[in-house]
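The structure appears below as structure tokens.
The values are calculated or read from the model by the stated rules, or taken from the named source; none is laboratory data. No experiment lies behind these values; they were computed from the predicted model shown. Glycine also receives a Cβ, built like all others from the backbone with ideal geometry; neighbour counts cover every protein chain displayed.
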Amino acid sequence: MRYRLAILASVFALALLVLPGAAFGRADAASRSASTHQAGVALRVIYVDVGQGDAIILRAGSWTGLIDGGTPGSDDAIIAELAKTGAKRIDTLVITHPHADHIGGLLDVISQYKPRLAVFAAAGDTATWKNVKNALADVDAKLKQVKSGAVLAFGKLKGKVLSPASLSDDANEDSVVILLDAAERRFLFTGDLTGANEEAVGAICARGPPVYVLKVAHHGSAYSTSNSFLAQTRPRFAVICVGKNSYGHPSPETVARLKAHDARTYTTQRNGTVTVTVDTGGKATWVLSGGQEPLAAGPKR
């Protein structure tokens, strides 16, 4: 009898050695599942496919932001994406600069979503800019001029304006540039940034952690996104807002630079609307409405 009990005790002890790993694995999986279930959305960024232009929707809790408004005729695409988010109003509209491929599709968006605040750096003198200003006035939006050093409330998050420090009279160079950190994932929105201001932004970013997603400036123009800028910002991923064009965007030179710096690169022309969702635990989920293959390889999502 004692012999049988000793054997049973040995078998039980062996089971304890084998089973805890699996048991802990199940517990860990359950814990991770519970943690994932409990994690809320810290930020959702939607790079809307509006062809050869920029329009980026931000959602942080119930707060809604829009960076630029695409080309004329982009209204429907932007409104459709806003509707999917459940947004009722735009809390902050960022106008990076007053070129038609960044503000041309804003009129119906402004009329329907009535921005509370619109920020800009450089004013324009075109009919398109005047129409946008009038549309903002019609919905009682506050219009605010910003420069580097400004901090904007993006719901519970803080959007830091990195550029311009002063105006150069070059609308592209004077683009409003915003750095946004959500659960330690840094997003950099660059408008059509170029020149000395790109150098200044790179120097600022070099003092912090790598950028998680870089919105590539000027639709991938050869005259932006220099090697030094990429070395300073260290983006893991890049998104180029681009459509059919006669400028050669995105340029092979810029794509080669992004590839050399290991930035996994998507374009709205190739991959459709690109949505990046970051939960409060820092986990990022990517959804591409078009093709799934990146323009340039890099780390997987």
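Points to keep in mind about this one:
- Qualifying residue in the stretch 118-133 (condition: at pLDDT 95 or above, part of a loop (DSSP other than H, G, I, E, B), in contact with a His (Cβ under 8 Å, 6 or more places away or on another chain) and more than 12 Å from Thr96 (Cα to Cα)): no
- Within the stretch 87-117, if we keep just the residues that are part of a helix (DSSP H, G or I) and of a type in the set (D, E, K, R), the residue that is farthest from the chain's Cα centre (by Cα) turns out to be Asp108.
- Scanning the stretch 271-293 for residues that are without any contact (Cβ under 8 Å) to a residue 60 or more places away in the chain, surrounded by fewer than 21 Cβ atoms within 10 Å (Cβ to Cβ) and outside any strand (DSSP E or B) yields Gly291, Gln292, Glu293.
- Boolean, Lys130 is touching a Gly at 6+ places or on another chain (Cβ under 9 Å), over 20 Å from Arg207 (Cβ atoms), without any contact (Cβ under 8 Å) to a residue 12 or more places away in the chain and in the same structural domain as Ala203 (by TED's automatic domain parsing): yes
- Selection count where residues are among the β-branched types (Val, Ile, Thr) and within 20 Å of Pro164 (Cα to Cα), scope the stretch 82-121: 6
- Of the numbered criteria (1) closer than 24 Å to Val213 by Cβ; (2) in a strand (DSSP E or B); (3) among the charged types (D, E, K, R); (4) free of Cβ contacts under 8 Å to residues at least 60 places away in the same chain, the one Arg44 fails is (4).
- Residue pairs whose Cβ atoms lie under 7 Å apart, sitting 6 or more positions apart in sequence or on different chains, and linking a residue in the stretch 69-96 that is surrounded by fewer than 23 Cβ atoms within 10 Å (Cβ to Cβ) to a partner that is among the acidic types (Asp, Glu) and outside any helix (DSSP H, G or I), are Ala77/Asp49.
- Among the residues here, Thr268 qualifies as out of contact with any helix residue (DSSP H, G or I) (no Cβ under 9 Å at 6 or more places or on another chain), buried (at least 20 other Cβ atoms within 10 Å of the Cβ), modelled with pLDDT of 95 or more and among the β-branched types (Val, Ile, Thr).
- Test: residue in the stretch 137-144 that is assigned to a loop (DSSP other than H, G, I, E, B), in the same structural domain as Gly124 (by TED's automatic domain parsing), in contact (Cβ under 8 Å) with a residue 40 or more places away in the chain and not hydrophobic (A, V, I, L, M, F, W, C): no
- Residues that are hydrophobic (A, V, I, L, M, F, W, C) and either outside the structural domain of Thr277 (by TED's automatic domain parsing) or in contact with a helix residue (DSSP H, G or I) (Cβ under 9 Å, 6 or more places away or on another chain) (or both) within the stretch 68-104 comprise Ile78, Ile79, Leu82, Ala87, Ile90, Leu93, Ile95, Ala100, Ile103, listed in sequence order.
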